[in-house]
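The values are calculated or read from the model by the stated rules, or taken from the named source; none is laboratory data. The model shown is predicted, which means the values in this text are computed figures rather than measured ones. Cβ coordinates were reconstructed from backbone atoms using ideal geometry, including for glycine residues, and neighbour counts include every protein chain displayed.
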Amino acid sequence: MKKTLAMALLCAAAVTPVLAQSAGHWYGAVDVGRLNMRNTDYPDPGSLTLSAGYRFNRNVAAEGGFTGYGDSTLVDGSGTSTARQSDMRFLAVGFLPLSPNFELFGKAGLGFHTVKMVGTGAYSGTYAPHTTGNVILGFGGQLNFTRQFGMRLQFEALGKAKSTETDPGANISRVTIGGVLNF
């Protein structure tokens, strides 16, 4: 977490002075990856994120997105307990172009992680969804093949996922790879 925070702050500091202005543009992104859940026995599910953003200039953007996660199920002799998760996010993104085709980026913003539990056997029932608000910090690199299309690799620290208010929660993060389409 300290390394993630340091990288996000470094990226934010690097983009504070706007180095060059260019016309703003909209972009869309699709990222796939795996959610890493620590402090829990539930298995790590896969993830798919759909994002849209507006790049104000070559160094600053605003991005929002929705992530769906695969079911994460615990099985024992008494039944099953399944966590169904999703999140919605709103982020500021700072870019540091290193060449015309490659740039580093840092992200910071808010995420709203929702968990709904469904059980069978001794855990039978469907429980009300619980949403936890978290700070999201991330960083990555983007390789731009053309002005319209690029690919990115990123890491995001997503905070805690909780199934109830009293649940101590699981620390969650993820690494993704995805495509970016500029409009």
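Can you name the residue in the stretch 19-35 that is surrounded by 17 or more Cβ atoms within 10 Å (Cβ to Cβ) and over 11 Å from the mean Cα position of the chain (by Cα) and, of all such residues, is farthest from residue 118 (Cα to Cα)? Residue satisfying both the conditions and the ranking: 27.
From the list 47, 99, 81, 51, which one is out of contact with any strand residue (DSSP E or B) (no Cβ under 9 Å at 6 or more places or on another chain) and either assigned to a loop (DSSP other than H, G, I, E, B) or surrounded by 14 or more Cβ atoms within 10 Å (Cβ to Cβ) (or both)?
On the way: 47 fails: out of contact with any strand residue (DSSP E or B) (no Cβ under 9 Å at 6 or more places or on another chain); 81 fails: out of contact with any strand residue (DSSP E or B) (no Cβ under 9 Å at 6 or more places or on another chain); 51 fails: out of contact with any strand residue (DSSP E or B) (no Cβ under 9 Å at 6 or more places or on another chain).
Among 47, 99, 81, 51, only 99 is out of contact with any strand residue (DSSP E or B) (no Cβ under 9 Å at 6 or more places or on another chain) and either assigned to a loop (DSSP other than H, G, I, E, B) or surrounded by 14 or more Cβ atoms within 10 Å (Cβ to Cβ) (or both).
Checking each residue in the stretch 113-146 for being touching a His at 6+ places or on another chain (Cβ under 9 Å) and either more than 28 Å from residue 76 (Cβ to Cβ) or among the β-branched types (Val, Ile, Thr) (or both) picks out 114, 115, 131, 132, 133, 134. Confirm whether residue 124 is surrounded by 15 or more Cβ atoms within 10 Å (Cβ to Cβ) and among the hydroxyl-bearing types (Ser, Thr, Tyr). When the stated conditions are applied, residue 124 does not pass them. Considering only residues in the stretch 54-78 that are part of a strand (DSSP E or B) and of a type in the set (A, V, I, L, M, F, W, C), the one that is surrounded by the most Cβ atoms within 10 Å (Cβ to Cβ) turns out to be 61.
Quick test for you: out of 106, 133, pick the one residue that is assigned to a strand (DSSP E or B) and either without any contact (Cβ under 8 Å) to a residue 60 or more places away in the chain or of a type in the set (Val, Ile, Thr) (or both).
133
Yes or no: residue 135 of a type in the set (A, V, I, L, M, F, W, C) and modelled with pLDDT under 95? No. With respect to residue 41, determine if the residue is more than 16 Å from residue 160 (Cα to Cα) and either exposed (fewer than 15 other Cβ atoms within 10 Å of the Cβ) or charged (D, E, K, R) (or both). No, not satisfied. When the residues of the stretch 84-96 are filtered to those that are hydrophobic (A, V, I, L, M, F, W, C) and closer than 24 Å to residue 48 by Cβ, the one that is surrounded by the most Cβ atoms within 10 Å (Cβ to Cβ) is 93. Using the structure shown, decide if residue 136 is surrounded by 20 or more Cβ atoms within 10 Å (Cβ to Cβ), among the β-branched types (Val, Ile, Thr), touching a strand residue (DSSP E or B) at 6+ places or on another chain (Cβ under 7 Å) and more than 19 Å from residue 70 (Cβ to Cβ). Yes. For the stretch 142-179: of the residues being β-branched (Val, Ile, Thr) and surrounded by 20 or more Cβ atoms within 10 Å (Cβ to Cβ), which is modelled with the lowest pLDDT? Among them, the one singled out is 172.
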